[in-house]
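A short reminder: the numbers here are calculations on the coordinates, not readings from a lab. Not measured: the values here are computed from a predicted model. Note: ideal-geometry Cβ built from the backbone for every residue, glycine included; neighbour counts use all protein chains shown.
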Amino acid sequence: GAVVSQHPSWVICKSGTSVKIECRSLDFQATTMFWYRQFPKQSLMLMATSNEGSKATYEQGVEKDKFLINHASLTLSTLTVTSAHPEDSSFYICSAPTLGGGGDTQYFGPGTRLTVL
Amino acid sequence: GQNIDQPTEMTATEGAIVQINCTYQTSGFNGLFWYQQHAGEAPTFLSYNVLDGLEEKGRFSSFLSRSKGYSYLLLKELQMKDSASYLCAVSGNNRKLIWGLGTSLAVNP
């Protein structure tokens, strides 16, 4: 159990375009999901907390108008990178917490590798 | 402030045992997690500790001392596939995880 999927796995886009990434909890409901970004050889950086039925909560320094988050249902959250630029190229990973591994455990999607040309 | 420390890199030999330490100082504590992350992949859950003591899961064990703000992940009978980054994370407030920078483990033949 506790499977999280992400789509797409990778995407290449032109500078200035928008890219939508989907995160789904497949076998459990998630009122909260988290979006992370990870640059090569660096640790995970939490971008925002996605809340079903309310606005997302963004971490300091993350532009909410650039990274649009919509938690459409109890199993789906989407992250849209608007007007993407090469510096947005990164590995984007979502997670959803559930009472799985003994506690309120976050299970991660497989990630989306974004390359902006 | 909030801080999680773990060694940056470790090296071990196939078949051996390795212990990866993690110390933490956080304003809230709802449990400590260990994740494994292979290069280019997302983290996968390994273990969870909320009470003091040792939790064993096959070749992997995790220990917690809340009074000392200390945890370790013990990997036995190391295999080449265990070469990965091991991330220590503490669950704070609002279900957020506070992450260490990870320990890159290289297992040599």
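Stokes-Einstein D for the range A:11-117 at 10 °C, 1.306 mPa s, Kirkwood Rh over Cα pairs, in µm²/s? Write down the numbers at each step before the final one.
Details: Rh = 14.0 Å.
Using the Kirkwood radius from Cα pairs, D works out to 113 µm²/s.
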**GNM flexibility winner over chain A from A:100, A:61, A:16 (Cα, springs under 10 Å)** = A:61
**Prompt:** When you look at the Cβ of every residue in B:90-98, what mean number of other chain Cβ atoms sits within 10 Å?
**Reply:** 4
**Complete:** Rounded to whole angstrom, the alpha-carbon centroid of the range A:1-28 lies from that of the range A:47-74 at a distance of 15
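Among A:20-26, A:107-113, how do they line up from the highest to the lowest mean number of other beta-carbon atoms within 10 Å?
Values: A:20-26: 19.6, A:107-113: 21.4.
Ranked by mean Cβ neighbours within 10 Å, highest first: A:107-113, A:20-26.
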**Request:** Rank these for me by crowding, B:61, A:77, going from fewest to most other beta carbons within 10 Å.
**Result:** B:61, A:77
**Prompt:** Counting partner chain Cβ atoms within 10 Å of every residue's Cβ in A:92-98, what's the average?
**Reply:** 2
**Prompt:** In 10 Å bins starting at 0, how do the alpha-carbon pair distances of the range B:42-94 split up by percent?
**Reply:** 20, 53, 23, 3
**Request:** Largest first and in whole Å, give the semi-axes of chain B's equivalent ellipsoid, each being the square root of 5 times a Cα gyration tensor eigenvalue.
**Result:** 23, 14, 12
**Prompt:** Taking every pair of alpha-carbon atoms in the range A:2-66, what share in percent sits in each 10 Å bin, from 0 to the bin with the longest distance?
**Reply:** 16, 45, 36, 4
**Fill in**
If A:33, B:10 are placed from fewest to most neighbouring beta carbons inside 10 Å, the sequence is B:10, A:33
**Proximal lysines relative to residue A:14, as straight alpha-carbon distance under 17 Å, when same-chain residues fewer than 8 apart are discounted** = A:66
**Message:** Against the empirical 2.2 N^0.38 Å scaling, what ratio does the C-alpha Rg of the protein assembly as shown come to?
**Reply:** 1.02
**Request:** Under 4.7 Å Cβ to Cβ, no partner at all: give me those cysteines from the protein assembly as shown, in residue order.
**Result:** A:13
**Item:** Cα-based reach from residue B:81 at 21 Å (exclusive), listing lysines while leaving out same-chain residues under 8 positions away
**Value:** A:41, B:57
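Counting pairs of alpha carbon atoms under 8 Å apart in space and at least six apart in sequence, what relative contact order in percent does chain A give? Spell out each step's value before the answer.
On the way: 294 pairs, mean separation 41.8, N = 117.
For chain A, the relative contact order is 36 percent.
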